[in-house]
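Trainee: After the structure tokens below, expect a handful of questions from me.
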Amino acid sequence: MRKIQMVDLQSQYKKIKDIVDPSIQEILESAAFINGPKVHQFQKNLEDYLGVKHVIPCANGTDALQIAMMGLGLKPGDEVITADFTFAATVEVIALLQLTPVLVDVDPITFNIDVAAIEKAITPKTKAIVPVHLFGLAADMDAIMDLAKKHNLYVIEDNAQGIGANYTHQDGTKTKTGAIGHVASTSFFPSKNLGCYGDGGAIFTNDDDLAHIIRGIVNHGMYKRYHHDVVGVNSRLDSIQAAVLDAKLPHLDKYNEARRNAARKYTQAFKNHPKITTPSGRSSCEGICDTCDCHVFHQYTLNLKNVDRDALVAHLQEHNIPCGVYYPIPLHKQKAYKDERYNEQDFQVTNQLVESVISLPMHTELDDEQINFITTTILNFINQS
Ligand SMILES: *Cc1c(COP(=O)(O)O)cnc(C)c1O
């Protein structure tokens, strides 16, 4: 059996080496390392793929979120609501801009931001909501957009884990995640569903004016060479990363389908187990039926009941099966983001999930033998304990 890895980027690279290598070579020969034509080409191709008017490439997903918030003109003291159960980057940039992060609980089934909790947290100071499409599953966007409209708030989608996922609206039409809110951010970190071979990120929006503002912000606040109209940042996607991404973009749907395939096999193996809850989709099909595309499984995360998770992690390690706990500490309990206004009983779901979730190896190159070994090893442990 091939060695099991949490993410297997080597095997994936070997399969696309023939298109990636010449594409990088072309950049080396042209020496157009920054703002070369490849960056523009990738930007256009991603706009077409997502069905969004503007993609603005930048240096990483954390920058993308920060720049999106700067572009919206959010001011110190403005409150921004986001999920307690997510990667720290989301809350970090809110705090960095001296906005006030307001963390709220998530839904116990989808792990995504709880819309009722958002509504409860809205005050006259609230200016924006940041839903995260956690683990690759689209958040409840129709409800979030309705709420935002009612209270005149911006919606900034953190799409770092959701690229390629489709959100199905109440009327049955579909939109790609990242093309629904006022603005969205994504990350091209190597392990993300569309990853480059270094750091990268992008901002998406359908708003022409906002796109113009953001294009200046990423480039030192310049709208005319050496005229700095606003305080900006330096955040660029370099041409080599754009070349890698442009070579990989045509494979994104196939990659996400490979992840879904692995997810279906995992879920089949754990089906109806009293101690294991498998990931849910947005609709009754549980996100893993043959046609479903609401979940792109950036992570495949189980929720365990009455299982000693630490012992399971140790057991998997003994069998050379990597796993992860995303995320082990709720953001509201992190030293940097504690706030005396928070009330423990408002975070019951997150407080529970951090104790009971476990993420299994998930990438485009998992084979049946590996999946069988992983599921059998887990079931042996759980059924004996
Ligand atoms: C990865 C990630 C980010 C940050 O992306 P970087 O490119 O690493 O800066 C932000 N939000 C979420 C939810 C992520 O998973």
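Trainee: When only residues in the stretch 318-359 that are under 24 Å from the mean Cα position of the chain (by Cα) and among the hydroxyl-bearing types (Ser, Thr, Tyr) count, which is surrounded by the fewest Cβ atoms within 10 Å (Cβ to Cβ)?
Mentor: Among those residues, the one meeting the criterion is 356.
Trainee: Picking from 177, 205, which residue would you name as being buried (at least 18 other Cβ atoms within 10 Å of the Cβ) and closer than 16 Å to residue 253 by Cβ? Before the answer, list the steps.
Mentor: On the way: 205 fails: closer than 16 Å to residue 253 by Cβ.
When all the criteria are applied, what remains is 177.
Trainee: Looking only at the stretch 217-248, which residues are in a helix (DSSP H, G or I) and among the acidic types (Asp, Glu)? Show your work before the answer.
Mentor: Narrowing the stretch 217-248 to residues in a helix (DSSP H, G or I): 217, 239-248.
Residue satisfying the conditions is 246 alone.
Trainee: Output the residue which, of all residues in the stretch 254-270 that are closer than 10 Å to residue 300 by Cβ and among the small types (Gly, Ala, Ser), is surrounded by the most Cβ atoms within 10 Å (Cβ to Cβ).
Mentor: Across the stretch 254-270, the extreme among qualifying residues is 263.
Trainee: Then there is this: Kindly evaluate residue 352 against the criterion of being polar (S, T, N, Q) and either assigned by TED's automatic domain parsing to the domain that holds residue 139 or in contact (Cβ under 8 Å) with a residue 12 or more places away in the chain (or both). Explain how you work it out, then say what you get.
Mentor: Numbers: polar (S, T, N, Q): yes; either assigned by TED's automatic domain parsing to the domain that holds residue 139 or in contact (Cβ under 8 Å) with a residue 12 or more places away in the chain (or both): yes.
When the stated conditions are applied, residue 352 passes them.
Trainee: Out of the residues in the stretch 209-235 that are within 30 Å of residue 298 (Cβ to Cβ) and out of contact with any strand residue (DSSP E or B) (no Cβ under 7 Å at 6 or more places or on another chain), which is surrounded by the most Cβ atoms within 10 Å (Cβ to Cβ)?
Mentor: Ranking the qualifying residues of the stretch 209-235, first place goes to 217.
Trainee: Sticking with this structure for a sec: Among the residues of the stretch 43-62, is there at least one that is in contact with a Pro (Cβ under 7 Å, 6 or more places away or on another chain) and either more than 18 Å from residue 221 (Cα to Cα) or part of a loop (DSSP other than H, G, I, E, B) (or both)?
Mentor: First, the residues of the stretch 43-62 that are in contact with a Pro (Cβ under 7 Å, 6 or more places away or on another chain): 43.
Now drop any that are not either more than 18 Å from residue 221 (Cα to Cα) or part of a loop (DSSP other than H, G, I, E, B) (or both), which leaves 43.
So far as the stretch 43-62 goes, yes, one or more of its residues are in contact with a Pro (Cβ under 7 Å, 6 or more places away or on another chain) and either more than 18 Å from residue 221 (Cα to Cα) or part of a loop (DSSP other than H, G, I, E, B) (or both).
Trainee: Evaluate the following for residue 305: is it among the basic types (Lys, Arg) and without any contact (Cβ under 8 Å) to a residue 12 or more places away in the chain?
Mentor: It is false that residue 305 is among the basic types (Lys, Arg) and without any contact (Cβ under 8 Å) to a residue 12 or more places away in the chain.
Trainee: Sort through 371, 382 and tell me the only one that's in contact with a His (Cβ under 9 Å, 6 or more places away or on another chain) and buried (at least 17 other Cβ atoms within 10 Å of the Cβ). Before you say what the answer is, go through the steps one by one.
Mentor: Working: 371 fails: in contact with a His (Cβ under 9 Å, 6 or more places away or on another chain).
The conditions single out 382.
Trainee: Kindly indicate the residue of the stretch 181-202 that is surrounded by fewer than 24 Cβ atoms within 10 Å (Cβ to Cβ) and more than 12 Å from the ligand (Cβ to nearest atom) and also nearest to residue 154 (Cα to Cα) among those meeting that condition.
Mentor: 182
Trainee: Inside the stretch 165-180, can you point out the residues that are among the polar types (S, T, N, Q) and away from the ligand (no atom under 14 Å from the Cβ)?
Mentor: 166, 168, 170, 173, 175
Trainee: Return yes or no: is residue 203 touching a strand residue (DSSP E or B) at 6+ places or on another chain (Cβ under 7 Å), in contact (Cβ under 8 Å) with a residue 24 or more places away in the chain and of a type in the set (A, V, I, L, M)?
Mentor: Values: touching a strand residue (DSSP E or B) at 6+ places or on another chain (Cβ under 7 Å): yes; in contact (Cβ under 8 Å) with a residue 24 or more places away in the chain: yes; of a type in the set (A, V, I, L, M): yes.
Here the answer is yes, as residue 203 does meet what is asked.
Trainee: Might you let me know whether the stretch 69-76 holds any residue that is touching a residue at least 40 places away in the same chain (Cβ under 8 Å), within 30 Å of residue 356 (Cα to Cα) and not in a loop (DSSP other than H, G, I, E, B)?
Mentor: The answer is no, given that none of the residues of the stretch 69-76 is touching a residue at least 40 places away in the same chain (Cβ under 8 Å), within 30 Å of residue 356 (Cα to Cα) and not in a loop (DSSP other than H, G, I, E, B).
The values are calculated or read from the model by the stated rules, or taken from the named source; none is laboratory data. Every value quoted in this text rests on a predicted model; they were computed, and no experiment measured them. Counting neighbours? That spans all protein chains shown, and the Cβs are built from the backbone with ideal geometry, glycine included.
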